[in-house]
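Okay, structure first, notes after.
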Amino acid sequence: MSETKVTFGQSADEALALLKNIQNIVFKLESRIENIEKEVSKIEDIKIQLISMSSKINDMEKRVQEVEDRNSKIEDSVEEMSQIVNSAFDKYTDNSEQIEILNKAIKALQNTKDTRKLDEVHVSKLRSLEEDVVEMKWRSMQNNLIFSGLRYQPDEDTEIKIRDFINKELGIYNTLSFGNVHRFGKKDRNGDFNAKTSTLPDYVIPDQLLLEILNTDDTHTMQYFSDYNGLLTNNISLQRYSKCACRPNTYGHRLLELCKKMNIYIANSRIGNDKTVGKITCNDVSVVDYLILSSDLFQMTKNFEVEEFNPILSDVHCNLKFTLESQPYTNINNVKTVERQVIKWNNNKQDKFVKKSLKVRDIETILDKLIDRNDTVQQTDIDTAMNKICEIFNSSSISVFGTKCKNQKYAKHNEKPWYKRGCKSKRNLFHQARQRYGNLKSKENKSFKRSK
């Protein structure tokens, strides 16, 4: 109260100044309060955002928990699948061992020399063993289905054809997943394959490293690998040409694989009037009609050409015209008879052999006669009995398994003291390097040739 009195006791100017100071202080306090209110509103916004983030974090935690639950279920299912696979593998191993045991038992029965006790009991045992072997083989086969009797169409989709057959003929409407679906068997080698091959190679030049790894001196193997040299010998180019601008299709790749495996070659663009041309054969667009020959037939093929399109002969295909010439053989009377041998045992024909060997009773009769004449049996009698037994089994084997020509043994040349196996392999390597350089003249092949 005393200070108030003092204040009011002052002059008017001093009181006015003091009031202005108080007013300024009030204004400052007011502005500060406004700032504080703004900050408080921001804090409220932050609170709202924190609440939103908290809800999102809760949702994320729930999702993480769901993912963890799913992962645990997946791990459990994978564990169960691994157990199933392991059990299946164990069963497969057991089946394989049983098959091996049965095969050994069958071979032991086949190789036995004591044929006197081969009667109906043994035949029934053989049949039961065969059934067991077949059953084991079918059990050990996985994912192999063979459909026969489906008509072939050049432009067919094999998988669609199989699915239609399963749905319509077998009445199975479940969705099935296939791995590889393809046809197998023989086809004509002259005609329309609907195969577009462009200019891709239909031959294989063996890798030198592969030949070194094989390290084989087998004549047939080396001839198989170097069969393409027959084209070079007849001045036939390995390079093919084609006016077809189409990309190779699936059938084209299959045809090329067939040519490579069978050592057969496409004659189009290599001989006759079509040499280095590769004329269009179908609908003025593509080349799908081929003449396919072995390397030996190129020298016998004359006048090959792709004729102009004739609507009388075909709907869209051009006619392939060629001539085959062969040299006549006059020394027919000098043909040597080739010795033949029985083909090896085939388990699939076991039943037929057993049926054909029912003359086993004749064998028992022969042996009974020898036993009756035990005191007077001579070596000639034993030989005669053995010959008759061998004739029975040989005639059964020939009628069931057939025969084949024995491999003719050719006399070896260059039998000089220094010409040994190492020298022969070096000579083969040199000839292969020379052929490789002849096919592709590059610095790498040239240096490779010199190194040999």
* Structure fact -> Residues meeting the amide H criterion for S314 (H placed from the backbone, H to H distance under 5 Å, 5 or more places apart or on another chain) are none
* What is the Cα convex hull volume of region 256-311 when expressed per residue in Å³? -> 91
* Structure fact -> Karplus ³J(HN,Hα) for region 421-427 (6.51 cos²θ - 1.76 cosθ + 1.60, θ = phi - 60°; Hz, whole; x = Gly/Pro) runs 5, x, 5, 5, 5, 5, 5
* Taking θ as phi - 60°, what are the ³J(HN,Hα) couplings along region 282-293 by the Karplus curve (6.51, -1.76, 1.60), each to the nearest whole Hz, with x for Gly and Pro? -> 9, 6, 6, 10, 9, 10, 10, 10, 10, 10, 10, 10
* Asked: Peptides 290-296, 43-49: what's the order by average Cβ count within 10 Å, highest mean first?
  -> 290-296, 43-49
* Take the cross-link list K260/K321; K196/K302; K196/K260; K196/K243; K352/K388 and give me the ones stretching past 18 Å between alpha-carbons. => K260/K321; K196/K302; K352/K388
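Readers should treat all values here as calculations from the given coordinates under stated rules, not as data from a laboratory. Small disclaimer: the values here were computed from a predicted structure and weren't measured. Every residue, glycine among them, receives a Cβ derived from its backbone with ideal geometry; neighbour counts consider all protein chains shown.
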